[in-house]
1. Calculate, for residue 436 and residue 75, the FRET efficiency according to 1/(1 + (r/R0)^6) with r their C-beta to C-beta distance and R0 22 Å; round to the nearest 0.05.
2. Label points 7 Å out from Cα along the Cβ direction at residue 392 and residue 110: separation in nm?
3. What is the extension gain from residue 242 to residue 297, computed as 0.36 nm multiplied by their sequence separation minus the C-alpha to C-alpha distance, in nm to one decimal?
4. If you take every DSSP beta bridge whose two residues both sit in the range 92-192, what share of them, in percent to the nearest 5, is antiparallel?
5. With a point put 7 Å past each Cα toward its Cβ, work out how far residue 222 is from residue 153 in nm, to one decimal.
6. Round to the nearest 0.05 the FRET efficiency obtained for residue 332 and residue 203 when R0 = 25 Å and r is the Cβ-Cβ distance.
7. I need the peptides 308-319, 118-129 ranked by packing, meaning the mean over residues of other C-beta atoms within 10 angstrom, with the highest value on top.
8. Using 0.36 nm per residue, how much length does the chain from residue 325 to residue 399 gain when fully extended, once their Cα-Cα distance is taken away?
């Protein structure tokens, strides 16, 4: 038997009278692409994308300028076991081998300005299930990853212009590399920033049907750092969709346009010397084109949020204990799934959709839409006080509990079709190790146990495993 079919495009195209365009192998390939896309986006965190986290560099004098350069080669393996929660069917993707290579350079000029550039080559080797075509990912190529110019005007206004890493809040609404400009300024405890940006030509879109996505963003941020060290912030982010029509769907049958506005407030800081926190609440407004040839627009009225508390006692091994709660509203009037093509037939859409990332566990790896996630975790460095090879080894685990916001609505795992809010539980175990100054190793195993939101035939546990080694130079 084959892995589950991605019903989302079939439902949409079926309503349009064009479902014959997608044969079963092509549909399974699209489902595999969506699974792979969500996993790779989860792995592509801000720590690897932002050059500020690069610790290995070389410097050369260029007279009045300084040139820094470096890079890394990363090799990873991601495996899936019973990803469809049904032991009697074959998975669409068994494993992915990922090769990610980047080289960067930075020139600092005498006037204090600088230019940073980074190229990236990424390659995937897939072990697909029987009869499933290898998914195409537009970012699998040699590409210009980052290229921006930093400078100041009026003494205190910092401007970054070009291809850069951008993030709003915790990254739920926006997180990644974009072409654009960001301006930062402030004083007397207040900080301000504004951005205008555009999605990259070869970026993988949140919507698997969009073959040529183009999205524009504009944002404003305000924050205040109080005397007690607590930070209070608010931001606005607007997204406007200028994507081309999907190749397989004529515009006379269905058009696609998703314009979103996000309004957020939040705070971060310390309760005392051992306990820190972060919280963010988001309201989403906007509109989209509803399902059907008429092209009527449906209003968006959704909400989301995240809160986290970290306890880091002064014990041997520098342990930390975390509690986290994240939620996003849902809508049973939506078609299953959480991408922009899952439009309501009419009325309002209460299902939250962000263009950022959320790490909710390796095996289920849910998008933050129509879901509540409660997570508890612990991490520890058992040999931190030693001077040996394992001094920088960290081990940890996280337990997750998942529930639907709207029991009749869908989530990113399209198997959860039962009218029940019990999505299930997850367990993650991870290891991070830096045996040498230029070598780092990460390993993570995850298991997801489905709940009553899944039909009885699809309640088998799913497991995933990820291991990665990075050599930096």
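Each reported figure results from applying straightforward, stated rules to the coordinates on display, with no laboratory input. What you are looking at is a predicted structure, and each value in this text was computed from that prediction instead of being measured. Don't worry about glycine lacking a Cβ; one is built from the backbone with ideal geometry, like all the others, and counts go over all protein chains shown.
1. Working: r = 16 Å, r/R0 = 0.71.
Efficiency at R0 = 22 Å is approximately 0.90.
2. The two pseudo-label positions are separated by 3.7 nm.
3. On the way: separation 55, 0.36 × 55 = 19.80 nm, distance 1.55 nm.
This chain segment gains 18.3 nm when fully extended.
4. Details: 44 of 44 bridges.
Of the beta bridges lying entirely in the range 92-192, close to 100 percent run antiparallel.
5. Inter-label distance under the simple model: 2.2 nm.
6. Efficiency computed from Cβ-Cβ geometry: 0.20.
7. Values: 308-319: 13.6, 118-129: 16.8.
Descending packing order for the listed peptides: 118-129, 308-319.
8. On the way: separation 74, 0.36 × 74 = 26.64 nm, distance 1.18 nm.
Length gained, residue 325 through residue 399: 25.5 nm.
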